[in-house]
Amino acid sequence: MSEKKVVVFIVEGPSDEAALGSIMKGYFSNDEVQFVVTHGDITLKDYVSDDNILKKINEQIDSVKRKYRYGHDDFLKIIHIADTDGVYIPKTDVKEADVKEIQYFEEYICAKDAGTIIQRNKRKGDILYKLRKTGKVNGIPYRIYFNSCNLEHVLYGKLHNYSDEEKQILSDDFADRYDGRTDAFIKFISDSLIAVPGTYQKTWDYIEKNRNSLNRHTNMHLIFN
């Protein structure tokens, strides 16, 4: 029998791993699943640009190699799960308002400084475009999947600025609901209410249009194809 191959999931926070970890480990039970938590959106880190993002992703994989003493050939694929954060909406849909932190709605974004958010959107959009056009990172098959406007929006159906504590409670409840029920999760994530139809590239083309990156959409169902 051949040794198990490694499937790496890159996610933003511990609550993302809590919600999806047991589901993905159940689905990829013939492989070894490792989660890399970047503690924040790697595409929005100050030191990241569309020029060096692939290098930064590879550094995440190198950390897994060192931690578990994997060789390069041990890896089967890299699955990166990212929030869209409404980055593709028209500039006119970024509204200036007296708010402490950015507020997301399905028609617009509110922020204290609209110009800063517009710049953020352009930068993150360029990085996401680079990643979604990338088929491999250092020779390892790679794909990035989106949740719009974020993971909580897709999984729990509400666009809300949850605290880390609230996220953890929600993700634990979600994991319990689908514990040992991978098929039920696939059915949920493939529902036409949230799943964008079409090929991988077509789903990305869709999310980049109009206000789609604020609305409740995902292409995570393609992970299971």
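The values are calculated or read from the model by the stated rules, or taken from the named source; none is laboratory data. Not measured: the values here are computed from a predicted model. Please note: Cβ atoms are built from the backbone with ideal geometry, for glycine as well, and neighbour counts cover all protein chains shown. All accessible areas refer to the heavy atoms of the entire protein, side chains included, with ligands and DNA or RNA removed. Shrake-Rupley method; radii C 1.70, N 1.55, O 1.52, S 1.80 Å.
Candidates in the stretch 23-45 are the residues that are hydroxyl-bearing (S, T, Y) and open to solvent by less than 40 Å² (accessible area, probe 1.4 Å); of these, the one that is farthest from K136 (Cα to Cα) is T38. Based on this model, can you work out whether D179 counts as touching a helix residue (DSSP H, G or I) at 6+ places or on another chain (Cβ under 8 Å) and of a type outside the set (S, T, N, Q)? Considered against the rule, which asks whether it is touching a helix residue (DSSP H, G or I) at 6+ places or on another chain (Cβ under 8 Å) and of a type outside the set (S, T, N, Q), D179 comes out as yes. Residues of the stretch 86-97 being closer than 25 Å to T134 by Cα and open to solvent by less than 20 Å² (accessible area, probe 1.4 Å), which ones? Passing the criteria: G86, V87, I89. Exactly one residue among V48, V11 is in contact with an Asp or Glu (Cβ under 8 Å, 6 or more places away or on another chain), aliphatic (A, V, I, L, M) and surrounded by 18 or more Cβ atoms within 10 Å (Cβ to Cβ), and that residue is V11. Scanning the stretch 188-223 for residues that are more than 17 Å from K133 (Cβ to Cβ), open to solvent by less than 20 Å² (accessible area, probe 1.4 Å) and part of a helix (DSSP H, G or I) yields I189, M220, I223. Does the stretch 83-92 include one or more residues that are more than 22 Å from N147 (Cβ to Cβ), in contact (Cβ under 8 Å) with a residue 40 or more places away in the chain and part of a helix (DSSP H, G or I)? So far as the stretch 83-92 goes, no, none of its residues is more than 22 Å from N147 (Cβ to Cβ), in contact (Cβ under 8 Å) with a residue 40 or more places away in the chain and part of a helix (DSSP H, G or I).
Could you tell me how many of the residues in the stretch 23-41 are within 18 Å of T134 (Cβ to Cβ) and touching a residue at least 40 places away in the same chain (Cβ under 8 Å)?
We begin by selecting, within the stretch 23-41, every residue within 18 Å of T134 (Cβ to Cβ); these are 36, 38, 41.
Those still in the list that are touching a residue at least 40 places away in the same chain (Cβ under 8 Å) too: 41.
Total meeting the criteria: 1.
State all residues of the stretch 57-73 that are touching a Ser or Thr at 6+ places or on another chain (Cβ under 9 Å) and open to solvent by 30 Å² or more (accessible area, probe 1.4 Å); if no residue qualifies, say none. Hit for the stretch 57-73 is Q60, nothing else.
Residues in the stretch 17-57 that are hydrophobic (A, V, I, L, M, F, W, C) and in a strand (DSSP E or B): V33, F35, V36, V37.
Take the stretch 134-161 and flag every residue that is under 25 Å from K65 (Cβ atoms) and free of Cβ contacts under 8 Å to residues at least 60 places away in the same chain. G135, K136, listed by residue number. Of I169, I117, I109, which residue is crowded, with 20+ Cβ neighbours inside 10 Å, out of contact with any Ser or Thr (no Cβ under 6 Å at 6 or more places or on another chain) and without any contact (Cβ under 8 Å) to a residue 24 or more places away in the chain? Only one candidate passes the filter, namely I117.
Mind checking whether some residue in the stretch 148-161 is hydroxyl-bearing (S, T, Y), within 16 Å of the chain's Cα centre (by Cα) and within 18 Å of V11 (Cβ to Cβ)? So that I can check it myself, show each step before the final result.
To start, the set of residues in the stretch 148-161 that are hydroxyl-bearing (S, T, Y) comprises 148, 156.
In the following step, the residues that additionally are within 16 Å of the chain's Cα centre (by Cα) were identified as 148, 156.
Imposing the further condition that a residue be within 18 Å of V11 (Cβ to Cβ) reduces the set to 148, 156.
Yes, the stretch 148-161 has at least one match.
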